[in-house]
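Heads up, the thing below is written out as structure tokens.
Rule-based calculations on the coordinates, nothing more; no lab input. Remember, it's a predicted structure, so these values are computed and weren't measured experimentally. Counting neighbours? That spans all protein chains shown, and the Cβs are built from the backbone with ideal geometry, glycine included.
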Amino acid sequence: MTPDLAQAFGLKQSQGAVITAVQAKSPAAKAGLEPGDIVLAINDKPIKSSQEIRNIIGLLPLGEEVKLEILRGGESQAVKAEIAAPKIVQEDGQKIHPKLAGLLLREATASDRAEGVLIEKIHTGTYAFQAGLRPGDVIVMANRQPVATLDDLRRAVGGGRELLLNIQRGEAAFMLMLR
């Protein structure tokens, strides 16, 4: 929490950490956390930075319930969440769209520092590889529709023959048409 962010959120102190994204179906989403919430304390321990949140949560055992004090819209709230291992669901790209044959896809997690569908693996002899897709690329839009989950990607590609993808690769982003 920088002094500028604290001022923007109407805080007197620059303490706490702003939630910038919440993954669908994650323990944070199930607990009702939302982007823009500010975590002030975890299990009554004041939070000074997002790094501190990662350290505290990372040291708690799976299944343990954690109490978060958050600030939302200027109001302090108590929220409980359960510590859980991230669910990693993988899908064969062929099952989503023929142009994605040879790809192993999964939903990006917070540790990937991206939101969308991650290309976990790709066979080098495939059309998708020849077209420019690489392992680690993240599909953030398909056919001009936002993609956060595998289900989003399925809906966006529909039954069409062509596939317009917005890809995030590291800090760069580009569009790719698969015909």
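General remarks:
- 0 to 90° range, to nearest 10: angle between helix 50-59 axis and the chain longest Cα axis: 90 degrees
- Whether segment 95-177 is rounded, prolate or oblate, judged on the alpha carbon gyration tensor where a/c under 1.5 counts as rounded: rounded
- Among Q90, L68, Q51 - extreme Cα towards positive end, dipole of segment 49-117, charges at beta-carbon: Q90
- Rounded to the nearest 20 debye, the dipole size of segment 47-179 about its Cα centre is 480 debye, using +1 on the Cβ of Lys and Arg and -1 on the Cβ of Asp and Glu.
- Per-residue [θ]222 nm for the chain (sum of -39500 (n - 2.57) over DSSP H runs n ≥ 4, rounded to 500): -4500 deg cm²/dmol
- Once you reduce segment 71-145 and segment 6-34 to the center of their Cα atoms, the two points are 22 Å from each other.
- Looking at segment 74-116, the trypsin sites (Lys or Arg not before Pro) that sit in a DSSP loop and have at most 15 other Cβ atoms within 10 Å of their own Cβ are K87, R113.
- Listed cross-link partners K30/K99; K30/K95; K48/K121; K25/K45; K67/K95; K25/K99 are compared with a 30 Å cut-off, the Cα-Cα value being larger for K30/K99; K48/K121; K67/K95.
- Under conditions of 25 °C and 0.890 mPa s, segment 1-125 yields 150 µm² s⁻¹ as its translational diffusion coefficient, taking Rh as the Kirkwood radius over Cα pairs in the Stokes-Einstein equation.
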